[in-house]
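The values are calculated or read from the model by the stated rules, or taken from the named source; none is laboratory data. On a predicted model such as this, the values are computed, not experimentally measured, just so you know. When we count neighbours, we look across all protein chains shown, and the Cβ atoms used for this are built from the backbone with ideal geometry, even at glycine. For the accessible areas, the whole protein counts, side chains as well, though only heavy atoms, and no ligand, DNA or RNA atoms are used. Shrake-Rupley method; radii C 1.70, N 1.55, O 1.52, S 1.80 Å.
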Amino acid sequence: MRNEIELTPEPAILIESLRDIGYSFDSALADIIDNSITAHARDIAVFALPIEDSFKVAIIDDGNGLSRQELLHAMRLGSANPRGERAIGDLGRFGLGLKTASFSQCRRLTVVSRQNNETAAFTWDLDTVVKDNSWSVLERKDFEQIFALDELPSTGTLVLWENVDRLTGDNGSGRVNYERIVSEAQDHLSLVFHRFLSGERGLQKVNLSVNGLALEAIDPFNIANDATQASPEEIVCPGVTLRSFTLPHISTYSDKREYDRYGLTGGYLRNQGVYLYRAKRLI
């Protein structure tokens, strides 16, 4: 005879553990942008700004948007079955990315979505989860209090990070070089989404900006350069292809700054190797 006992995870403990999955600021931003691209956004704007002794990050897209019920479901931890059939080009997988990426950087996550001018908004406040030891989200009606909401189009989604403690330290007293953080994020996003930014054949071109600066694609293989040597594409197995590139020698560049740009952070030797893509997005 079996005696089944339900062991419900403790919200206060699990929510803090989920913050340590291993995201960097750059990779967390990229995970949020994955959702925007999956929602067929053409324009995505990131605002990462120190405001009144705090740092706020807003990611705004003009994608499909979500109804109130769809948004509430999306705020649930594990909102999608990882074994379920996914559409080609869907960059999500486990239904956790929005939440875990955000929680890794901030203690307060607000998501606002709009369809045909109907607006819904919910907030995860980790301090409240810990205090009440309850998986409860707050439905927002105070739209005028939500940072950057005036930038949200008639259809689209806003993801807002507040109390970004992983950059500033637990008590917010850490000294942070925000300019460096934003600059590194710009380079990371230009590289990870370079095939979308360049409008590669078969992909919807995406316009991505950070603090008003439009990002340009950084192609790690510099295919546009005539001196780049590219091998024919090889099919490794169904759905997987392989192609090798030999990048141009420095002598072929008239501008050393262009040469350094394609060496990426750390230079050519450090960045040679295998570049893995899923659904045209650099992993």
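If the cut-off is a Cα-Cα distance under 28 Å, which lysines reach Lys205, setting aside same-chain residues fewer than 8 apart in sequence? Cross-link targets: Lys56, Lys99, Lys280. Working ranking of peptides 175-185, 53-63 by packing, defined as the average number of other Cβ atoms within 10 Å per residue, highest first, is 53-63, 175-185.
On a full-extension model of 0.36 nm per residue, what is the gain between Ala230 and Ile283, subtracting their alpha-carbon distance, rounded to one decimal in nm?
Roughly 17.0 nm would be gained on extension.
Note on Lys131: aspartates and glutamates with a C-alpha under 19 Å away, same-chain residues under 8 apart excluded, are Glu10, Glu16, Glu139, Glu162, Asp165, Asp170. For the range 2-8, the Karplus equation 6.51 cos²θ - 1.76 cosθ + 1.60, evaluated at θ = phi - 60°, returns couplings of 9, 10, 8, 10, 6, 10, 6 Hz by residue, with Gly and Pro reported as x. Contact order for the chain, expressed relative to its length and based on alpha carbon pairs under 8 Å spaced 6+ residues apart, stands at 19 percent. Which net charge results for the neighbourhood of Gly267, defined as the other residues with beta-carbon distances under 15 angstrom from its beta-carbon, given Lys and Arg at +1 and Asp and Glu at -1? Here the charged neighbours net out to +1.
Around the amide H of Phe55, modelled in the peptide plane, lie the amide H atoms of Asn163, Val164, all under 5 Å away and 5 or more residues distant in sequence or on another chain.
In terms of the Cα gyration tensor, with a ≥ b ≥ c the square roots of its eigenvalues, is the range 129-191 rounded because a/c is under 1.5, prolate because a/b exceeds b/c, or oblate? Show your work: numbers first, answer last.
On the way: a/c = 2.18, a/b = 1.17, b/c = 1.87.
Judged from the Cα gyration tensor, the range 129-191 comes out oblate (a/c at least 1.5, b/c at or above a/b).
Summarising the amide proton neighbourhood of Val206: residues at separation of 5 or more, or on other chains, whose placed amide H is nearer than 5 Å comprise Leu197, Gly199.
By the gyration tensor of its Cα atoms, with a ≥ b ≥ c the square roots of the eigenvalues, what is the shape of the chain: rounded for a/c under 1.5, prolate for a/b over b/c, or oblate? Kindly include the intermediate steps, with their values, before the conclusion.
Values: a/c = 1.78, a/b = 1.54, b/c = 1.16.
Prolate, since a/c reaches 1.5 and a/b exceeds b/c.
Rounded to the nearest 20, the Cβ-based charge dipole of the range 158-283 about its Cα centre (Lys and Arg +1, Asp and Glu -1) stands at 200 debye.
Applying the Karplus parametrisation 6.51 cos²θ - 1.76 cosθ + 1.60 with θ = phi - 60° to the phi angles of the range 219-227, what ³J(HN,Hα) value in whole Hz is obtained for each residue in order, glycine and proline being reported as x? For the range 219-227, the Karplus curve yields 7, x, 9, 6, 4, 5, 7, 4, 7 Hz.
Mind jotting down the distance between the C-alpha centroids of the range 100-123 and the range 1-73, whole Å? Centre-to-centre distance over Cα atoms comes out at 8 Å.
GNM remark for the chain: springs join alpha carbons under 10 Å apart, and the peak mean-square fluctuation among Thr110, Thr241, Thr228 falls on Thr241. The 3J(HN,Hα) values that the Karplus relation (6.51, -1.76, 1.60; θ = phi - 60°) gives for the range 113-129 are, in residue order, 10, 9, 10, 6, 6, 8, 10, 10, 8, 9, 10, 9, 10, 5, 5, 6, 4 Hz. Gly and Pro appear as x. In this structure, the amide hydrogen of Leu282, modeled 1.01 Å from its nitrogen in the peptide plane, lies closer than 5 angstrom to those of His194, counting only residues at least 5 positions away or on a different chain.
For a test of the definition: using alpha carbon positions, the gyration tensor, and the 1.5 limit on a/c, classify the range 10-80 as rounded, prolate or oblate. The partial results should precede the final answer.
Numbers: a/c = 1.73, a/b = 1.10, b/c = 1.57.
Oblate, since a/c reaches 1.5 and b/c is not below a/b.
Share of carbon and sulfur in the accessible area of the chain stands at 50%, probe radius 1.4 Å.
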